[in-house]
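Before any comments, here is the structure.
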Amino acid sequence: MVEKFKTLFFVKSSLIFLYLALTIPIPLNSNENLKIFSIIFFVFGLFMIINITEDEVNTCDKKISYRTSFISKICGKKNWEILWKDIKLIKSLPTSQGSKVHFFITNKNKSFIIPQRIENLERFLSLVEKNTKLNVRDLSYISPLWTYKLLTYLSFLMIMGEIIAFSIKYYQY
């Protein structure tokens with residue numbers, strides 16, 4: 001039986017809302033000669049952001065695989081697949097922000113980053129522990145979930161402020 005683990009909703013939403021908050025003013029305030037051009041690039045950028053947040057982890061009894069989107073592949077992110085039996089250890093390294101990033105190390109000493117921004121992480125980690133017999137107690141989300149929620153809400157508020165400001169400006173003329 002294959003189990004799928006998609007990117008966390010609040011990770012996706014934080015990136016999408018931040019993109020919108022930062023770029024909505026561009027087409028709204030662009031010169032009439034560049035308006036169509038800026039709208040096209042705005043939509044293209046939105047498509048790119050949505051596309052790169054569509055990563056997925058699949059597990060079954062024999063293996064684990066990581067699937068990324070076409071755009072992410074172009075940007076250098078790679079799909080991977082490992083048989084459970086080939087994972088010999090989990091290596092943890094600190095990040096500059098004070099959290100930890102974790103890697104599967106295979107019998108051939110290849111390393112694969114363990115996805116830490118997926119929905120139902122607890123279930124995923126239980127499958128890793130069950131299939132590899134390795135200790136996963138130290139594994140968790142790379143950043144606290146409240147940070148993604150906060151970024152989503154703040155970005156949403158920025159968008160609302162921009163829309164209100166543009167509406168006021170538009171109706172004054």
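Residue-wise test of (1) among the hydrophobic types (A, V, I, L, M, F, W, C); (2) under 20 Å from Phe9 (Cβ atoms); (3) loosely packed, with under 15 Cβ neighbours inside 10 Å; (4) in contact with a helix residue (DSSP H, G or I) (Cβ under 7 Å, 6 or more places away or on another chain).
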position: Arg117; (1), (2), (3), (4): no, yes, no, yes
position: Leu125; (1), (2), (3), (4): yes, yes, no, no
position: Val128; (1), (2), (3), (4): yes, no, no, no
position: Thr132; (1), (2), (3), (4): no, no, no, yes
position: Ser143; (1), (2), (3), (4): no, yes, no, no
position: Leu154; (1), (2), (3), (4): yes, yes, yes, no
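Residue pairs whose Cβ atoms lie under 6 Å apart, sitting 6 or more positions apart in sequence or on different chains, and linking a residue in region 124-147 that is within 19 Å of Ser96 (Cα to Cα) to a partner that is not in a loop (DSSP other than H, G, I, E, B), are Leu139/His102; Leu139/Leu125.
For region 95-110, the set of residues classified as small (Gly, Ala, Ser) and surrounded by 12 or more Cβ atoms within 10 Å (Cβ to Cβ) consists of Ser99 only.
Pairing residues of region 48-65 that are free of Cβ contacts under 8 Å to residues at least 40 places away in the same chain with residues that are charged (D, E, K, R), at Cβ distances under 6 Å and at least 6 apart in sequence or on separate chains, gives Lys63/Glu81; Ser65/Glu81. Hey, can you tell me all the residues within region 97-120 that are assigned to a loop (DSSP other than H, G, I, E, B) and touching a residue at least 12 places away in the same chain (Cβ under 8 Å)? Once the filter is applied, which keeps residues that are assigned to a loop (DSSP other than H, G, I, E, B) and touching a residue at least 12 places away in the same chain (Cβ under 8 Å), region 97-120 yields Gln97, Ser99, Asn107, Lys108, Ile114, Pro115, Gln116, Arg117, Glu119, Asn120. For Ser92, the requirement of being exposed (fewer than 15 other Cβ atoms within 10 Å of the Cβ) and in a loop (DSSP other than H, G, I, E, B) is not met.
Of the residues making up region 125-171, those that are over 30 Å from Ile105 (Cα atoms) and among the polar types (S, T, N, Q) are Thr152, Ser155, Ser167. The set of residues in region 121-157 being basic (Lys, Arg), closer than 29 Å to Lys62 by Cα and assigned to a helix (DSSP H, G or I) consists of Arg123, Lys130. The single condition among (1) within 12 Å of the chain's Cα centre (by Cα); (2) within 20 Å of Ile142 (Cβ to Cβ); (3) modelled with pLDDT under 95 that Ile16 does not satisfy is (3).
For Ser143, the criteria (1) at pLDDT below 95; (2) under 22 Å from Asp86 (Cα atoms) hold in every case but one, which is (2).
Among helices (runs of 4 or more DSSP H) entirely within region 1-88, having at least 2 residues that are of a type in the set (D, E, K, R) and surrounded by 15 or more Cβ atoms within 10 Å (Cβ to Cβ) singles out no element at all.
The values are calculated or read from the model by the stated rules, or taken from the named source; none is laboratory data. As the structure is a prediction and not an experimental result, all values here were calculated from the model. Note that we place each Cβ from the backbone using ideal geometry, even for glycine, and neighbour counts take in every protein chain shown.
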